[in-house]
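Have a look at the structure below, then the notes.
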Amino acid sequence: MPLDRIGETLASFYDSLVSEGVPEHLAVLVRKVRQSEADAAAAAEPPAAAPRRARVALVVEDDPGVRALAEALLEESELSVVGCDSAEAALAVLQARGGEVALVFADIRLAGAMDGLQLAHAVATLWPRARLVVTSGHCVGRPEIPPEAVFIQKPWRPFQVLVEAERATLQPAPPVA
């Protein structure tokens with residue numbers, strides 16, 4: 001079976017697996033398939049022919065006021081901003097625009113079946129080049145987030161959010177998935 005066929009099959013099962021938690025061995029396989037596809041796409045097109053894509057900050061927050069504040073702050077950065085109230089909505093954006101997402105700024109408590117911790121683990125596994133910032137006002141200390149994620153306790157200060165946006169813009173652009 002060709003590698004692209006395996007990737008398509010894995011992607012079709014992904015949505016149901018995320019809600020149950022992705023086993024590490026499957027996550028590694030999905031990363032390898034996506035990296036192979038990205039490498040093949042990069043080899044097929046010369047770098048000069050590729051259009052410049054806008055880098056995106058994804059704000060995932062169920063409180064509309066807090067989401068609007070974070071979106072307004074991030075609009076001041078070099079990133080274009082997309083807001084979502086649930087992890088499921090964020091995953092839909094990531095599936096469509098994952099190669100453009102430079103920053104995921106997510107609350108732990110979200111609307112929908114998935115919480116921000118599950119989203120953080122999915123992002124760390126499937127979009128490892130995106131800078132991941134997790135926030136909460138209900139946790140004491142650092143929750144069980146992926147080691148590469150940054151945790152900011154609520155109430156966060158605007159400066160903290162802008163620093164993370166700056167760090168996301170300084171990192172190399174994520175590969176287009």
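The values are calculated or read from the model by the stated rules, or taken from the named source; none is laboratory data. These numbers were taken from a predicted model, which means no experiment stands behind them. When we count neighbours, we look across all protein chains shown, and the Cβ atoms used for this are built from the backbone with ideal geometry, even at glycine.
Within segment 123-139, take every residue that is aliphatic (A, V, I, L, M) and touching a Phe, Trp or Tyr at 6+ places or on another chain (Cβ under 9 Å) and give me the one that is surrounded by the most Cβ atoms within 10 Å (Cβ to Cβ). This residue is Val133.
Looking only at segment 49-90, residues that are among the acidic types (Asp, Glu) and part of a loop (DSSP other than H, G, I, E, B) come to 6 in all.
Among the conditions (1) surrounded by 17 or more Cβ atoms within 10 Å (Cβ to Cβ); (2) at pLDDT 95 or above; (3) not hydroxyl-bearing (Ser, Thr, Tyr), the only one that Arg55 does not satisfy is (2).
Condition check ((1) hydrophobic (A, V, I, L, M, F, W, C); (2) over 18 Å from Thr135 (Cβ atoms); (3) over 17 Å from the mean Cα position of the chain (by Cα)) across all residues:
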{"position": "Ala54", "(1), (2), (3)": "yes, yes, no"}
{"position": "Val59", "(1), (2), (3)": "yes, no, no"}
{"position": "Pro64", "(1), (2), (3)": "no, no, yes"}
{"position": "Ala72", "(1), (2), (3)": "yes, no, yes"}
{"position": "Ser80", "(1), (2), (3)": "no, yes, no"}
{"position": "Gly83", "(1), (2), (3)": "no, no, no"}
{"position": "Ala90", "(1), (2), (3)": "yes, no, no"}
{"position": "Gly98", "(1), (2), (3)": "no, yes, no"}
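Val93 - would you say it is outside any loop (DSSP other than H, G, I, E, B), at pLDDT 95 or above and in contact with a helix residue (DSSP H, G or I) (Cβ under 8 Å, 6 or more places away or on another chain)?
no
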